Amino acid sequence: MLELFAAGVINLPRFDPVALQLGPVAIRWYSLGYIAGLGFVWWYIRRLAAQPRAAMTAAHIDDFVTWAMLAIIIGGRLGYVLFYNFSAYLADPVAIFRLWDGGMSFHGGLIGVILAVIWYVKKNKLDLMRVADVLALVSPVGIGLVRITNFINGELWGRATDVPWAMVFPNDPTGLPRHPSQLYEALGEGLFLFVILMFLYHKTRLAKEAPGVIAGVFFAGYGLARFLVEFVRQPDAHIGIMEIGLTRGQLLTIPMFLFAAWLASRGIKTKRASAKA
């Protein structure tokens, strides 16, 4: 216990990145975060599917989860390659397929899911905005869980600081006390955003009268949380802070704000059109 709080900071122990070993198969915390997040999405949307005039049926969500998982993995990997380390992967293209080496981009995974949703909705003749609202409602849970696994893995830590809750990460060669930015993101992008969206979906009439607004709040809420946390999150060593004073993560949130505004405007127009009818 004394070692944990030595020198007025929290010295984190080195957690084993492998959560469960089944013979030759190693199940990592990172994988569990994605699995648990998709499991919650599947379970909760199936509950919503039991309600009258639901956006998706149970059969739809059973089918879509598989496509969503592929979209997250492929989009997340390609996003990291293109947004964060393109020159390195251009020199060694085979490394793109070495997923076990790490390297996933949230924004890339999000683009992958958006494309999968558009394709799936069109294929099954569903209402795009209503499906977007439902998926936005449950997404913060998966995001929060993955951020917690980032913390367990001792990666994506924050910048050096002297705040009372500063933490020394065992994988950090500098040994400096840092912001636990993974936990900030788990709260902002995960728990807090989930509570807000749950309130809007279940306690207001936005989902019924203005489909698309809740999805817009999700994109704006995630973008705001990510933009603010980036001020205390350590930038990628090979990128750093860009010349305009923003990190790559902050720059990638700007399209999210624009997309959020478009979704919200669609929902408001739908509500106004229904009121006039």
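Working from the Cα coordinates of the range 36-179, the gyration tensor eigenvalues give, after taking √(5λ), semi-axes of 34, 21, 11 Å in decreasing order. When the Gaussian network model of the chain links Cα atoms closer than 10 Å, the mean-square fluctuations of N124, N171, N153 top out at N124. Toward the positive end of the charge dipole of the chain, with +1 on the Cβ of Lys and Arg and -1 on the Cβ of Asp and Glu, the farthest Cα among I27, L252, P17 is that of L252.
Using a Gaussian network model of the chain in which every pair of alpha carbons under 10 angstrom is joined by a spring, one finds that among L90, L137, L258 the greatest mean-square fluctuation is at L90. For the range 64-140, trypsin sites (Lys or Arg not before Pro) are listed when DSSP marks them as loop and at most 12 other Cβ atoms sit within 10 Å of their Cβ; the list is R98, K125.
Relative to the Cα centre, what is the charge dipole magnitude of the chain, using +1 at the beta carbon of each Lys and Arg, -1 at the beta carbon of each Asp and Glu, and rounding to the nearest 20 debye? Using Cβ point charges on Lys, Arg, Asp and Glu, the chain gives about 1500 debye. Applying 0.36 nm per residue to the separation of L90 and K203 and subtracting their alpha-carbon distance, the gain on full extension is 35.8 nm. Picking from L252, L82, L38, which is most flexible by a Gaussian network model of the chain using Cα springs under 10 Å? Taking springs between Cα atoms under 10 Å, the residue moving most is L82. For the range 164-211, the Stokes-Einstein estimate of translational diffusion at 10 °C and a viscosity of 1.306 mPa s comes to 119 µm²/s, using the Kirkwood hydrodynamic radius over alpha-carbon pairs. Phi-derived couplings, Karplus 6.51 cos²θ - 1.76 cosθ + 1.60 at θ = phi - 60°, listed residue by residue for the range 258-266: 5, 5, 4, 5, 5, 4, 5, 5, 4 Hz, with x used for Gly and Pro.
Counting protein heavy atoms only, the range 73-177 has 71 percent of its accessible area on carbon and sulfur, 1.4 angstrom probe. Computed from Cα positions, the angle between helix 106-124 and the longest principal axis of the chain comes to roughly 20 degrees. Protein heavy-atom accessible surface, 1.4 Å probe, per residue over the range 232-275: 62 Å². Since only L206, P93, L78 are under comparison, the one whose Cα sits farthest along the positive direction of the charge dipole of the chain, derived from C-beta charges on Lys, Arg, Asp and Glu, is L206.
Helix 58-83 axis versus longest C-alpha principal axis of the chain: approximately 50°, rounded to the nearest ten. Kirkwood's formula applied to the C-alpha pairs of the chain gives a hydrodynamic radius of 20.2 angstrom. Helix 128-152 versus the longest principal axis of the chain: what is the Cα-based angle in degrees, 0 to 90, to the nearest 10? Tilt of helix 128-152: around 10 degrees.
Solvent exposure of the range 1-148, expressed per residue, is 58 Å² of accessible area, with all protein chains present and a 1.4 angstrom probe.
Among rounded, prolate and oblate, which fits the range 219-277 when a ≥ b ≥ c are the square roots of the eigenvalues of its C-alpha gyration tensor, a/c under 1.5 means rounded, and a/b larger than b/c means prolate? It comes out prolate by the Cα gyration axes.
If you model the range 1-99 as an ellipsoid using its alpha carbon gyration tensor, with each semi-axis the square root of five times an eigenvalue, the axes come out at 33, 25, 15 Å, biggest first. In the range 94-172, the C-alpha radius of gyration followed by the widest Cα-Cα span (Dmax) gives 17.7, 54 angstrom. Using only the Cα atoms of the range 124-223, each taken as one equal point scatterer with no solvent, compute I(q) by the Debye sum, divide by I(0), and report log10 of the ratio at q = 0.21 Å⁻¹. Rounded to two decimals, the profile gives -0.95.
The values are calculated or read from the model by the stated rules, or taken from the named source; none is laboratory data. Only a predicted model underlies this, so the values are computations on that prediction, with no experimental measurement involved. With ideal geometry, Cβ positions are generated from the backbone for all residues, glycine too; neighbour counts draw on all protein chains shown. Only protein heavy atoms, including side chains, enter the accessible area calculation; ligands, DNA and RNA are left aside. Shrake-Rupley method; radii C 1.70, N 1.55, O 1.52, S 1.80 Å.
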